[in-house]
1. If a residue counts only when it is closer than 30 Å to residue 410 by Cα, aliphatic (A, V, I, L, M) and under 14 Å from the mean Cα position of the chain (by Cα), which strands (runs of 3 or more DSSP E) contained entirely in segment 182-299 have at least 1 such residues?
2. Collect the residues in segment 356-370 that are at pLDDT 75 or above, surrounded by fewer than 17 Cβ atoms within 10 Å (Cβ to Cβ) and outside any helix (DSSP H, G or I), keeping them in residue-number order.
3. With the requirement that a residue be of a type in the set (A, V, I, L, M, F, W, C), within 19 Å of residue 228 (Cα to Cα) and surrounded by fewer than 24 Cβ atoms within 10 Å (Cβ to Cβ), what does segment 276-305 give you?
4. Could you check segment 306-336 and list, in sequence order, the residues that are open to solvent by 10 Å² or more (accessible area, probe 1.4 Å), within 30 Å of residue 228 (Cα to Cα) and not basic (Lys, Arg)?
5. Look through segment 88-106, keep the residues that are touching a residue at least 60 places away in the same chain (Cβ under 8 Å) and assigned to a strand (DSSP E or B), and return whichever of them is surrounded by the fewest Cβ atoms within 10 Å (Cβ to Cβ).
6. If you take the residues in segment 63-87 that are in contact with a Pro (Cβ under 8 Å, 6 or more places away or on another chain) and open to solvent by 30 Å² or more (accessible area, probe 1.4 Å), which one is farthest from residue 135 (Cα to Cα)?
7. Out of (1) assigned to a loop (DSSP other than H, G, I, E, B); (2) open to solvent by 30 Å² or more (accessible area, probe 1.4 Å), what's the single condition that is false for residue 120?
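The values are calculated or read from the model by the stated rules, or taken from the named source; none is laboratory data. Small disclaimer: the values here were computed from a predicted structure and weren't measured. A quick note on method: Cβ atoms are made from the backbone with ideal geometry, for glycine too, and the neighbour counts reach across all protein chains shown. We work out accessible area using only protein heavy atoms, side chains counted, and drop any ligands, DNA or RNA first. Shrake-Rupley method; radii C 1.70, N 1.55, O 1.52, S 1.80 Å.
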Amino acid sequence: MTTAAPADTTAPESAAVNEVVRTPGGHRGEPIGSRSHTDGAWQERPVQTRSERYASANVTDFGNPTGHEVDWKLTPIKLVTDLISGALDGATDGTSETKDVDGFTVSWIDRTDSRIGSAGLPEDKASANAWSAFGQALAIDVTGVEPGAELVVTRDSLGATPRAAHTVITAAPNSRGHVILENSGDARLSENVEIVVGEGAHLTVVSVQRWNDSAAHLASHFAQVGRDASLRHIVVSLGGSIVRVNPSIHLSGQGSATEAYGLYFADAGQHLEQRVYIDHEAENSRSRVKYKGALQGEGAHSVWVGDVLIRQSANGTDSYEENRNLVLSEGTRADSIPNLEIETGNILGAGHASSTGRFDDEQLFYLQSRGITEEEARRLVVRGFLAEIIQQIGSPALEEQLTQAVEAELTGVAGSIPASPNEIDGAL
């Protein structure tokens with residue numbers, strides 16, 4: 001079916017619905033400690049930990065980023081100023097399409113709906129700008145309990161107009177579901193995606209960015225995972241000029257768990273950025289983060305920042321994050337920054353790993369000694385490197401599409417580059 005666009009989806013300029021701030025951990029309440037309000041102006045104070053960042057749904061609460069801020073210094077903000085602080089079209093144009101699937105309900109909801117703001121609130125101006133501008137949100141309710149149920153939502157042809165969008169995915173207690181968000185075509189889009197996983201539910205959310213070469217996309221994902229529930233969150237970025245996806249996952253229920261995976265392939269002049277935040281709030285929570293990317297072509301740039309916070313209340317936590325980058329040609333840049341904050345010593349384990357390197361000459365030599373050409377050997381190495389993430393998606397049709405997309409990306413890979421790994425690993 002096609003989800004019909006509402007008759008009037010323009011957000012009023014004075015809309016203040018759900019424009020509240022939250023305390024650390026994603027809870028709604030009073031402003032957190034990174035700012036104070038004096039004589040009508042926000043006074044900045046240094047943020048010491050990831051959890052202390054200010055959060056608000058009101059765009060006027062944020063100043064314009066200069067590029068010196070820790071969360072913006074690696075982003076080409078001059079190329080996305082219109083999405084960060086410009087006027088955004090919040091009207092829904094009916095480009096989101098789904099097929100009827102048992103166990104899922106798709107609808108449009110107003111800004112006044114109680115589900116808006118239930119997973120988190122913006123921590124930067126781009127996210128707040130989208131939140132302040134959207135008219136109605138796309139709501140996806142997961143109610144089925146049969147494993148393997150899958151819902152695909154496609155969005156394309158958004159055009160060159162700067163737009164705002166909002167999506168809320170809610171998994172009912174003990175439900176099972178697989179939601180795929182597919183993006184393609186032209187776009188200049190800033191959006192927020194909220195994910196709430198109820199007690200005992202198991203949800204997979206896959207976000208696929210296969211935009212045209214000129215597209216720009218800034219997205220913030222907020223997730224709350226309940227008691228004994230699990231969220232598998234997967235980000236795939238293969239297209240677009242500038243794509244920045246920031247997942248923020250809060251393990252707020254005892255025994256909650258998340259697996260966060262990412263796959264990206266940056267071509268010449270392309271900027272692909274991911275900033276992952278895992279917040280262990282509850283006891284006996286578990287997280288695994290694994291992002292892998294490949295880069296080829298002059299000016300290809302990837303950014304991965306992984307923040308993991310283990311709070312004092314999160315005894316029994318088991319956490320590990322890693323990012324691996326494979327450089328396929330000269331002139332590329334991969335920024336990889338893992339961060340780990342631990343506030344309690346009573347944990348099962350926590351660690352991180354980051355590596356950026358080139359082809360392993362020994363692997364290439366082994367394959368060539370078996371009669372495989374150098375070009376095909378390189379393709380096999382890259383396929384094997386990225387296949388680990390593709391196989392986590394759990395949708396055979398999408399996995400096949402992405403495998404073919406990666407194969408297409410590999411066309412024109414540069415010649416032999418000697419191995420030059422640069423690894424940083426840490427574990428506790």
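1. Values: elements: 188-197, 202-211, 216-225, 230-239, 242-251, 257-266, 271-280, 286-295.
Once the strands (runs of 3 or more DSSP E) in segment 182-299 are filtered for at least 1 residues that are closer than 30 Å to residue 410 by Cα, aliphatic (A, V, I, L, M) and under 14 Å from the mean Cα position of the chain (by Cα), what remains is 202-211, 216-225, 230-239, 242-251, 257-266, 271-280, 286-295.
2. To start, the set of residues in segment 356-370 that are at pLDDT 75 or above comprises 356-358, 369-370.
Remaining after also requiring surrounded by fewer than 17 Cβ atoms within 10 Å (Cβ to Cβ): 357, 369-370.
357, 370 - these are the residues of segment 356-370 that are at pLDDT 75 or above, surrounded by fewer than 17 Cβ atoms within 10 Å (Cβ to Cβ) and outside any helix (DSSP H, G or I).
3. Step one: of segment 276-305, the residues of a type in the set (A, V, I, L, M, F, W, C) are 276, 278, 282, 289, 294-295, 300, 303-305.
From the residues that got through so far, the ones that are within 19 Å of residue 228 (Cα to Cα) too are 278, 282, 289.
Listed by number, the list holds a single entry, 282.
4. 307, 312, 313, 315, 316, 318, 320, 322
5. At the first step, the residues of segment 88-106 found to be touching a residue at least 60 places away in the same chain (Cβ under 8 Å) are 88-100, 103-104, 106.
Now narrow it down to the ones that are assigned to a strand (DSSP E or B): 89, 97, 104, 106.
Details: 89: 21, 97: 15, 104: 22, 106: 19.
Applying the filter and picking the extreme gives 97.
6. 82
7. For residue 120, the failing item is (2).
Table: residues versus (1) more than 27 Å from residue 91 (Cβ to Cβ); (2) of a type in the set (Val, Ile, Thr).
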{"position": "197", "(1), (2)": "yes, yes"}
{"position": "214", "(1), (2)": "no, no"}
{"position": "225", "(1), (2)": "yes, yes"}
{"position": "229", "(1), (2)": "yes, no"}
{"position": "257", "(1), (2)": "yes, no"}
{"position": "281", "(1), (2)": "yes, no"}
